[in-house]
Each structure stands twice: as C-alpha cells, then as structure tokens.
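No lab work stands behind these numbers, since they all come straight from the coordinates. This structure is a prediction, so every number in the text was calculated from the model and none was measured. Cβ placement follows ideal geometry from the backbone for every residue including glycine, while neighbour counts extend to all protein chains displayed.
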Amino acid sequence: MNVNLPVLARSTSLVIQQQKEWGEILTGWDAKNRYAIGDGSGTPMLYAGEVSSGLGGFLARGFLKNSRPFTIEVRDAMSQVQLVIRRPFTFFFSRIEITDAMGQRIGSVRQRFAFFARRFTVEDASGNEVATLHGPFFRPWTFRVLVGDAEVGVIRKKWSGLGREMFTAADTFGLELGPSMSPELRPLCLAATFLVDFVYFEKHG
C-alpha cells in the first residue's frame with residue numbers, strides 16, 4: 001500500500017468541506033464534487049475531487065444525481081494522488097473500492113440493509129470486515145465507526161446554518177479519529193465519508 005498521508009496518522013479529527021461555486025448554487029446543476037480536507041484547526045491539508053470528464057460524466061451528474069458512479073482522487077498539498085475512490089453504478093446498495101495511487105487495493109466500504117438504522121461494512125484489502133459504520137435512526141447526521149462493539153471514531157455531518165442548508169448543497173463533515181483506530185482503517189474512514197455524503201446528503205433535485 002503506497003499511501004503517504006501523515007495528516008491521517010497524526011490527527012484526532014479532520015474537517016471535510018465540500019466546495020461550491022456560485023454558478024452552481026444559482027443554477028442547481030451539479031458540477032464535479034470537490035472537497036478540502038483540513039485538520040482540527042480547519043487548515044486545508046488534502047484535496048479531493050471527482051475526475052470523471054466528458055459528456056457522459058456531465059449527464060450522469062445532472063440526471064443520475066446521487067446514484068451516479070464516480071471516481072474521486074485524494075491529493076496532497078503537492079498535488080500528488082494518494083487515494084483513489086471508485087463507486088460503480090448500483091440500483092440499491094452502494095459500495096466504493098479504495099486503492100492507492102499505483103492501483104493497489106486498500107479496501108472497500110459497502111452499504112448494508114438494516115432496520116431503523118443506516119449501516120456500512122468496512123473491509124480491508126483481502127475482503128475481511130474490519131469495522132462497521134452505524135447511523136442511529138434518531139441521529140441522522142451521525143455515523144459511529146465500530147470495531148466490534150467499541151467506538152473508534154465518528155463521521156458527523158455539521159450543521160452549517162439554515163440559509164446555507166436551504167440554498168446550497170455544500171456539506172461539511174467532521175471525522176473523529178480515535179487513538180485506538182488502526183492506521184489501516186483511517187484512510188478507509190476518510191473514503192467512507194464521501195460515500196455517506198453521496199448516499200444520504202447529496203441533493204436529489
């Protein structure tokens with residue numbers, strides 16, 4: 001695995017903020033999703049964005065909305081690709097595959113069926129389940145990262161104010177990285193944040 005992300009190794013929390021342009025806000029037509037990823041102080045350390053191009057990608061963003069397939073690259077401050085996150089098209093349960101810049105598989109995140117909750121499984125490069133994401137029914141903006149029954153982290157959508165929530169589709173997430181979260185799990189949780197955004201928070205229309 002060829003990933004050089006010291007911010008993931010040393011940080012106890014990250015802020016993942018979607019970037020929107022005013023033209024997109026006014027027209028409601030989705031451009032490629034872009035994110036700035038900062039440490040707890042909010043200083044951008046990493047950048048992520050969709051890399052689909054051409055007419056097909058444009059139409060998929062416009063018509064398939066949050067059901068569309070995507071490829072997101074996570075780049076460091078030197079613009080070097082560190083993670084590649086791919087989501088194929090699915091009708092029901094979504095999944096992403098995560099690789100390093102050389103294409104070596106790091107793991108995957110898969111949406112699962114659950115009564116009165118939202119659930120994902122996190123798998124390592126060999127397909128072994130290493131964690132689950134659990135979104136309680138009565139806490140719609142919170143996803144606990146569980147290893148067994150122990151909480152090792154949290155993905156949480158942040159409230160950005162009534163005006164911003166109503167008139168833009170820009171989302172901000174906090175990713176809490178507990179001290180007991182393994183180094184291998186940290187990039188998978190970062191990737192899972194993008195899937196959570198697409199599945200539950202990207203505007204449909």
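Going highest first, how would you order 171-182, 188-199, 90-101 by mean Cβ packing within 10 Å?
By packing density, highest mean first, the sequence is 188-199, 171-182, 90-101.
For the residue pair PHE116 and PHE201, what label-to-label distance in nm results when each label sits 7 Å from Cα along the Cα-to-beta-carbon direction?
Calculated label separation equals 2.5 nm.
Along the stretch 9-16, what does the Karplus equation 6.51 cos²θ - 1.76 cosθ + 1.60 (θ = phi - 60°) give for ³J(HN,Hα), rounded to whole Hz, x for Gly and Pro?
For the stretch 9-16, the Karplus-derived couplings read 6, 9, 7, 9, 7, 10, 10, 10 Hz, x marking Gly and Pro.
Between ARG75 and ALA9, what's the calculated FRET efficiency when r is the beta-carbon distance and R0 is 22 Å? Round to 0.05.
0.80
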